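What follows is a short report on a single structure.
No value in this document is a laboratory result; all are computed from the given coordinates. Remember, predicted model here, so these are calculated numbers, not experimental data. Note: ideal-geometry Cβ built from the backbone for every residue, glycine included; neighbour counts use all protein chains shown.
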Amino acid sequence: MKTIILAGGFGTRLTEETTTKPKPMVEIGGRPILWHILKHYAHYDFKEFVIALGYKADVIKRYFLDYADLNGNLTVELSAGRKRVIHRERDDWVVHLEDTGSDTLTGGRVKKLSEWVKNETFMVTYGDGVSDIPLDKLVSFHKQQGRLATVTAVRPPARFGGLVVDKEQVKHFTEKPQAGEGWINGGYMIFEPQALDLIKGNTSSLESELLEQLSRQGQLSAFCHEGFWQCMDTVRDLKFLEGLWSSGQAPWKVW
């Protein structure tokens with residue numbers, strides 16, 4: 001089953017990092033968040049990816065072109081112009097890099113990748129969020145439901161700390177709790193190929209058009225995940241994720 005990674009947006013809410021690179025290339029623990037996402041999927045044996053590129057596509061292309069050579073120790077014979085890679089880190093991924101245009105919306109990006117999907121069930125996620133979602137259970141759930149699409153519903157992380165107050169005394173403080181109510185689309189979606197027929201073109205939104213239409217037709221399932229999920233929209237989010245990784249307690253590191 002192929003996985004489409006939406007990696008073409010401008011990342012305007014993280015401009016401190018995205019003036020020189022696309023948001024999926026912003027690093028957590030010295031690795032792009034895109035690498036973390038691919039490692040998660042590969043852990044569940046989903047190892048063929050189609051990256052939907054747009055803004056600063058060349059940065060992502062260059063990363064994967066250099067990946068094999070730079071992830072390991074090198075010996076370079078300068079006089080002869082020869083190099084040898086020693087102790088290379090090997091990830092058995094197949095990564096297709098497709099430029100889907102800087103101004104194409106999310107639905108349009110997926111539509112442009114139809115030739116890769118053909119007549120197979122496929123997965124889609126965003127290139128700016130991590131989670132500990134059990135992807136094997138997500139796929140099983142989608143198959144059991146028998147609908148055209150499944151989204152992973154997650155609890156939105158609160159933007160501010162929470163207080164539990166009793167008689168004007170703070171009894172408990174939580175730095176950044178999960179919201180107690182409501183669900184949002186956390187990505188990690190699965191589609192049947194027939195859903196592609198509902199996408200009109202480049203200006204189609206995956207969220208406000210395709211998913212809305214599937215919902216009205218009764219063709220959209222929700223896999224509810226109560227575990228960890230975090231997007232990387234702001235510098236605050238980035239520092240939060242970096243802190244988890246540095247502490248050795250990153251919940252999304254399931255590999």
Next item on the list: Provide the gained length on full extension for the span Val59 to Ala80, in nm with one decimal, where the gain is 0.36 nm per separating residue minus the Cα-Cα distance.
Entry: 4.6 nm
Margin query: Just to be sure I understand: of the beta bridges DSSP finds with both ends in the chain, what percent are antiparallel, rounded to 5?
Written below: 50
Checklist line | Inter-label distance, nm, simple model (7 Å from Cα along the C-beta direction), Gln249/Gln145 | finding: 3.2
Checklist line | Span-like helix ranges in the chain, DSSP H, alpha carbon extent 18 angstrom or more, Kyte mean at least 1.0 | finding: none
Checklist line | Correct option for Rg/Rh (Cα atoms, Kirkwood Rh) [calculated from the coordinates] among (i) 0.95; (ii) 1.18; (iii) 1.01 | finding: (iii)
Check: If each residue's Cβ is checked for other Cβ atoms within 10 Å, how do Ile133, Ile190 rank with the fewest at the top?
Finding: Ile133, Ile190
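Semi-axes, largest first, in whole Å: what does sqrt of 5 times each Cα gyration tensor eigenvalue give for the stretch 200-255?
33, 16, 9
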Checklist line | Förster-model FRET efficiency, 41 Å R0, Thr234 and Asn119, C-beta, rounded to 0.05 | finding: 0.55
Notebook entry, point to check: How many nm is it between the label spots at Gln194 and Asn73, if each spot is 7 Å from the Cα in line with the beta carbon?
Noted result: 5.6
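Order by neighbour count: Cys231, Cys224, fewest other Cβ atoms within 10 Å first, most last.
Listing Cys231, Cys224 from fewest to most nearby Cβ atoms yields Cys224, Cys231.
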Next item on the list: Mind checking the full-extension length gain between Asp45 and Gln217? Use 0.36 nm per residue of separation minus the Cα-Cα distance, one decimal, nm.
Entry: 58.8 nm
Checklist line | the chain - mean residue ellipticity at 222 nm from DSSP helices (-39,500 (n - 2.57) per run, n ≥ 4, rounded to 500) | finding: -7500 deg cm²/dmol
Note to self: Based only on other Cβ atoms within 10 Å, what is the fewest-to-most ordering of Lys253, Lys239?
What the structure shows: Lys239, Lys253
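Once you order the gyration tensor axes a ≥ b ≥ c over the Cα atoms, which shape class does the stretch 20-63 get: rounded for a/c under 1.5, otherwise prolate or oblate by comparing a/b with b/c?
oblate
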